[in-house]
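The values are calculated or read from the model by the stated rules, or taken from the named source; none is laboratory data. Keep in mind that this is a model prediction, so the values were computed, not measured. Cβ: placed from backbone, ideal geometry, glycine included. Neighbour counts: every protein chain shown.
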Amino acid sequence: MLSTSAQTAETRRLVLTGSSTVAPLVSEIGKRYEKLHPGVRIDVQMGGSSRGIADARRGTADVGMASRGLKESEKDLMAHQIAQDGVCVIVHADNPITSLTHQQIIDIYTGKIDNWKLLGGKDKPITVVNKAEGRATLEVFLAHFNLENPSIQADVVIGDNEQGIKTVSGNVDAIGYVSIGTAEYDSEHGVPIKLLPAESIPASIKSLAEGRFPISRPLNLVTLGKPTGLAKDFIDYCRSEAVHDLINAQRFVPVAR
Amino acid sequence: MPDGVSRQGQHHRIREMLAVTCIWATAIVVSLTFGWILLDLLRHGLAHLSWAYLVESPSDAGRSGGIAPIIASTFLIVAVCMSIAVPIGIGTALLLAEYSVARSRFGRFVRRSLDALAAVPSIVFGLFGSTLFCIYLGMGFSILAGGLTLACMVLPIFIRTAEEGFRSVPDEYRRGAAALGISRSATLFKIIMPSAMPALVAGFVLGIGRALAETAALIFTSGYVDRMPESLFDSGRAMSVHIYDLAMNVPGGGKSAYRTALVLVAILLLINGSASWLMHRWVRHGAT
Amino acid sequence: MTSSMRRDSSPWRADTALIWTLRLLAAAAAGIVLLILVFLLIESIPALRTIGLVRFFSDASWYPLSDRFNMAPMMAASLLVTVGAIALAIPLGFGSALFCRYYAPRWIAGAYRRMIEVLAGIPSVVFGFWGLVVLVPLVTHSLIAGILILALMILPTVALIADASLARVPEELIHGSAALGLTRWGMIRRVILPAARCGLMTSVILAVARAIGETMAVLMVCGNVVQMPKGLLDPVRTLTANIALEMAYATDTHRSALFVSGLLLMVIVGLLIAMAEWISKGRIYA
């Protein structure tokens, strides 16, 4: 089935499915696009990055959304990056620790260090928060710290970023990792979490935008082959300067062209 | 009074006091827990809740603006759901309650299937609904697909409650009708159903509650689009999906999630209150 | 019982048309779960063929991306959470129903019933969220957190259906018991509860079904660590939470394996239903 946008006489509709991280951003961009192009419908659906890629391939959706890069087996598809997201380690705000080295984080997650006192903190067991298998954030984390998931000793496994934040902010002894944008937004709005720097680079949207922050992942729109028509127009719009404010509002970093 | 009798009397009195204490304790524990949840909702959601919230559209990924299209979508999805579930449900319940087929293999098979249906996880319903209604039957992400999927989830509860209602209609009604030479269909529709109305309404209310509470199944069927729906084939975001998105997906969406939850609670109160009031009027003004 | 009324042959043609319509509707209702089973089977076949059924219980652990597919700890978690929730919800639910019917003054009973009806309609995500923010700081991500939240969620089902069946107990039984001088509790225990037995079993069955199938709330509060729980405070992952967590990002074999877990759940449900039928020797279908 060819990937075309449904074009009826009056309304033209574009269907995007995929990552729930990218969905709110593309939904907002879509609303702005609809205002500029009356008669166009941009329908955004969730379902996860794999769903987005599978749908783009099958033609069930016009465009897929993925919160990661394409794998080797997915090289028949084209990825169009629209933003960048960072992954940072967080602890509770009341935790005396202010930074951890690369090796310390690896040791915490593999269970070699299991008490905060070994790092100069309180005498409390560390609650390790990990993400569920297959998640893009997990894969970025594993790749950066050169770990395999089976070797991680987790005390809590979470799905969404907000779940991770609620878990860490509700437990003084917890450590976890989430998307930088979400963490920064929440900590600015009073949620008791602390973003730890990665290799001495502070974790913030700013350092990510400057290209200094080392742990990051792309947010992509995925198509089967080169996009045409409405799909091409919309993807170009998503990558244009006109939507940089929306990308910033969602706490991601626009991609410099 | 002989010793044995007064000792027994004491025994009963202790039992009675114990029962009263336990029952009241249950009620208090449940009420306190519910009160806790409601207080939490109110504390975080009441601020900035205004009438505007009900008529505006969401903006800034739902963090500001209102939920008007979402309320509309929810209403449509539940309407589709109940329009399918009620006829099928009443029909099945009638068959199971009124005809000897209930004891037969077919009747037992229907019952077991419905019990199993009630246990299917909501996410499996979502995947099933997505495959059957959205893809196979070509409805795409749509309110119709969502409503149909929800109808599958609501059927077991509704049928069970309706069946119980039909069973408890006194036999004399049926015998009287037969003696008067009334046909089975007329008996069912003019005599039995009206007198089972309280149970049917109770099942209806339970069904709506279940439909409004469902999240995972709707994400995959009626979808995520928060535009005002223009037809049943449009995708529409239900309130439960909106709450999920705001609470778990959108950073800083927590406050708005609480607000939406409060509106949902208010709608529930409205529906349940009206159903209750309707039933009182029905019963008082004579059903048969 | 209307046994004497069961004449399926009837001189009116409308009646014949009616019964066939009803049979059709009932068949449609019953057919849905069959469709779902077929769907689960079709999607599970790739995994069953590649991995084989035995490995779902014998592998070292559950790390699908590293080719390990042991589901046993998650199955145990699902069962334990359900059993625990039922153990809590049944006394509280029946107690609530009895409270509304026989112990509370009219206006309190009405308000209480309204409150339970509202509880029945609150989305699972709200329960999960509340659990995550209020309950988890108290009892940590654990089996007990899942049990408590789940009990809260299925309580309204038990209470409302039990309440409705208590309402249908014939008045003569109550008047007769009162005339015989039974105490209120005596009457409830010996006369009313047995008379409402069918409806009460219905509420239990539907509550168990809801408990097994609940996804979102247990996902948020149970901790989602795949392990056999050794105590109430251990984090666990149920089969439903597993499907919800991993489905969005799973491909091919992993995805198919998740469908196998869905199929496994249905098998468990089938066994539970068969057990329930056997225990009551068919009486629950009165």
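Here no strands (runs of 3 or more DSSP E) wholly within the stretch A:128-230 include at least 2 residues being of a type in the set (Phe, Trp, Tyr).
Going through the stretch A:114-140 one residue at a time, which ones are more than 14 Å from chain C (Cβ to nearest Cβ) and either within 24 Å of the chain's Cα centre (by Cα) or crowded, with 19+ Cβ neighbours inside 10 Å (or both)? A:Trp116 - this is the single residue of the stretch A:114-140 that is more than 14 Å from chain C (Cβ to nearest Cβ) and either within 24 Å of the chain's Cα centre (by Cα) or crowded, with 19+ Cβ neighbours inside 10 Å (or both). Which condition does B:Leu270 not pass, out of (1) modelled with pLDDT under 85; (2) surrounded by fewer than 21 Cβ atoms within 10 Å (Cβ to Cβ), if it passes all the others? Exception for B:Leu270: condition (1). Is the stretch C:118-127 home to any residue that is more than 7 Å from every other protein chain (Cβ to nearest Cβ) and touching a helix residue (DSSP H, G or I) at 6+ places or on another chain (Cβ under 7 Å)? Taking every residue of the stretch C:118-127 in turn, at least one turns out to be more than 7 Å from every other protein chain (Cβ to nearest Cβ) and touching a helix residue (DSSP H, G or I) at 6+ places or on another chain (Cβ under 7 Å). Quick one: is B:Val225 of a type in the set (A, V, I, L, M), at the interface with another protein chain (Cβ under 8 Å from one of its Cβ atoms) and part of a loop (DSSP other than H, G, I, E, B)? Yes; evaluated as a whole, the condition is true for this residue. Starting from the stretch C:52-72, take each residue that is on the phi > 0 side of the Ramachandran plot and list its partners that are in a helix (DSSP H, G or I) and not basic (Lys, Arg), counting only C-beta distances under 9 angstrom and pairs at least six apart or across chains. If the second residue must be in a helix (DSSP H, G or I) and not basic (Lys, Arg), the pairs left are C:Asp67/C:Ile51; C:Asp67/C:Thr253. When each of B:Ala199, B:Ala179 is tested for being within 9 Å of another protein chain (Cβ to nearest Cβ) and either over 30 Å from A:Gln45 (Cβ atoms) or free of Cβ contacts under 8 Å to residues at least 60 places away in the same chain (or both), the lone residue that passes is B:Ala199.
Just one residue in the set B:Ile77, B:Ile159, B:Ile143 is at pLDDT below 95, closer than 28 Å to B:Arg237 by Cα, under 23 Å from the mean Cα position of the chain (by Cα) and β-branched (Val, Ile, Thr); that residue is B:Ile159. Taking the conditions (1) farther than 30 Å from C:Leu37 by Cα; (2) at the interface with another protein chain (Cβ under 8 Å from one of its Cβ atoms); (3) under 19 Å from the mean Cα position of the chain (by Cα) in turn, B:Ala72 satisfies each one other than (2).
Here C:Gly176, C:Gly146, C:Gly186, C:Gly181 are screened, and the one residue that is outside any helix (DSSP H, G or I) and not hydrophobic (A, V, I, L, M, F, W, C) is C:Gly181.
So that you can scan it fast, the table gives a plain yes or no per residue for (1) touching a Pro at 6+ places or on another chain (Cβ under 8 Å); (2) touching a residue at least 24 places away in the same chain (Cβ under 8 Å); (3) more than 10 Å from every other protein chain (Cβ to nearest Cβ); (4) assigned to a helix (DSSP H, G or I):
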residue: B:Cys81; (1), (2), (3), (4): no, yes, yes, yes
residue: B:Ile90; (1), (2), (3), (4): no, yes, no, yes
residue: B:Leu95; (1), (2), (3), (4): no, no, no, yes
residue: B:Val110; (1), (2), (3), (4): no, no, no, yes
residue: B:Asp115; (1), (2), (3), (4): yes, yes, no, yes
residue: B:Ser130; (1), (2), (3), (4): no, yes, no, yes
residue: B:Gly138; (1), (2), (3), (4): no, no, yes, no
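The condition (being of a type outside the set (Val, Ile, Thr), more than 26 Å from C:Ser61 (Cβ to Cβ) and buried (at least 23 other Cβ atoms within 10 Å of the Cβ)) is satisfied by just one residue among C:Ala241, C:Ala179, C:Ala209, C:Ala274: C:Ala209.
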